[in-house]
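See structure below.
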Amino acid sequence: MTNHVDAEILSQPDCWREAAAVAAETADRLPRPGERVAVVGCGTSWFIAMAYAALREAGGHGETDAFAASEAPTGRAYDRVLAITRSGTTTEVLRFLEGVGDTPSLTLTGVAGMPVEEVSADTIVLAFADEESVVQTRFATSALAFLRAHLGEDIEPVARAGERALAVDVAPYLDAGQVTYLGRGATVGLAHEAALKAREAAQFWSESYPAMDYRHGPISIAQPGRLVWCLGEPVDGLAEDVAATGATLVHHPDLDPLAQLVVAQRFAIGLAQARGLDPDRPRHLARSVVLPAG
């Protein structure tokens with residue numbers, strides 16, 4: 001069965017290249033070195049915000065916090081706020097932007113002319129990365145590629161890694177009964193996103209944790225037939241600890257973490273298709289959460 005999400009996943013490396021070009025063209029509109037920045041989103045966009053915040057701060061570009069839009073604290077002083085929303089209609093993001101006052105705001109979105117443009121001081125539209133599928137793949141990864149390019153990274157090697165990720169055989173993983181994704185630093189957000197893809201697309205039991213925290217309880221569910229999937233580098237001793245449980249450690253060290261996320265996306269879609277599910281239209285989900293006024 002062919003789905004929109006299949007084509008959207010395949011298009012990601014080229015989307016990342018285009019995102020890097022747009023980042024170069026719009027650099028003067030993005031957070032400046034030294035600025036204190038808050039980044040918000042909902043669901044997938046929040047996890048991408050987490051990854052960007054970790055990368056920006058670790059790179060010495062300035063203090064950067066990431067929040068679910070509904071939980072962003074009020075009263076904190078920021079030099080700029082950045083919102084990420086594929087649809088440009090998500091209620092929590094709109095409400096957050098309405099409350100930032102005089103703080104400069106910028107939104108990354110996939111569609112022009114949406115309500116977010118009315119409440120954000122500036123908007124950059126990554127229209128080439130918008131999607132038909134409810135399940136987000138290429139918009140999220142393109143937004144992160146865009147932001148990584150602005151931080152000074154060369155996206156071409158990342159895109160080439162993404163192309164290699166499209167050839168990774170995920171079939172050996174499809175018989176697993178459960179998966180736990182782990183990350184450190186910027187890949188904590190990617191681990192959360194990978195787990196969300198498995199839940200959304202395949203109704204599959206998936207969890208995600210910071211890798212160092214995994215041994216503080218969650219490892220107790222590891223057993224034969226389950227996966228422990230690392231985004232980024234595994235922490236010291238983890239492979240031995242996982243082996244002792246009988247679970248399978250999954251790691252693709254030759255791939256950039258963004259490309260590793262592509263493998264996890266393909267695993268989630270493979271699970272959905274094996275279960276006869278439509279990953280374009282997961283149950284109980286819509287493209288955007290739009291809440292009643294008030």
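Being without any contact (Cβ under 8 Å) to a residue 24 or more places away in the chain, of a type in the set (S, T, Y) and open to solvent by 20 Å² or more (accessible area, probe 1.4 Å), is that true of even one residue in the range 217-226? Scanning the range 217-226 turns up at least one residue that is without any contact (Cβ under 8 Å) to a residue 24 or more places away in the chain, of a type in the set (S, T, Y) and open to solvent by 20 Å² or more (accessible area, probe 1.4 Å).
Listed here are the residues, each with its yes/no results for (1) touching a helix residue (DSSP H, G or I) at 6+ places or on another chain (Cβ under 7 Å); (2) surrounded by fewer than 20 Cβ atoms within 10 Å (Cβ to Cβ).
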| residue | (1), (2) |
| --- | --- |
| E25 | no, yes |
| P31 | no, no |
| G34 | no, yes |
| G41 | yes, no |
| F47 | yes, no |
| Y52 | yes, no |
| R56 | no, no |
| G60 | no, yes |
| A66 | yes, no |
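Within the set D79, D102, the sole residue that is out of contact with any strand residue (DSSP E or B) (no Cβ under 9 Å at 6 or more places or on another chain), on the phi < 0 side of the Ramachandran plot and open to solvent by 40 Å² or more (accessible area, probe 1.4 Å) turns out to be D102.
Of all residue pairs spaced 6 or more apart or on separate chains, those with beta-carbon atoms under 8 Å, a first member in the range 227-241 that is open to solvent by 30 Å² or more (accessible area, probe 1.4 Å) and a second member that is assigned to a strand (DSSP E or B) and at pLDDT 95 or above are P234/L182; P234/L249; A239/L249.
Residue by residue, here is whether (1) outside any strand (DSSP E or B); (2) open to solvent by 50 Å² or more (accessible area, probe 1.4 Å); (3) over 17 Å from C42 (Cα atoms); (4) at pLDDT below 95 holds:
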{"site": "D175", "(1), (2), (3), (4)": "yes, yes, yes, no"}
{"site": "V179", "(1), (2), (3), (4)": "no, no, yes, no"}
{"site": "V188", "(1), (2), (3), (4)": "yes, no, no, no"}
{"site": "A195", "(1), (2), (3), (4)": "yes, no, no, no"}
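Number of residues in the range 256-279 that are in a loop (DSSP other than H, G, I, E, B) and either within 15 Å of A176 (Cβ to Cβ) or open to solvent by 10 Å² or more (accessible area, probe 1.4 Å) (or both): the value is 5.
The values are calculated or read from the model by the stated rules, or taken from the named source; none is laboratory data. For clarity, every value in this text was computed on a predicted model and none was experimentally measured. Neighbour counts are summed over all protein chains in view; Cβ atoms, including those assigned to glycine, are modelled from backbone coordinates with ideal geometry. Only protein heavy atoms, including side chains, enter the accessible area calculation; ligands, DNA and RNA are left aside. Shrake-Rupley method; radii C 1.70, N 1.55, O 1.52, S 1.80 Å.
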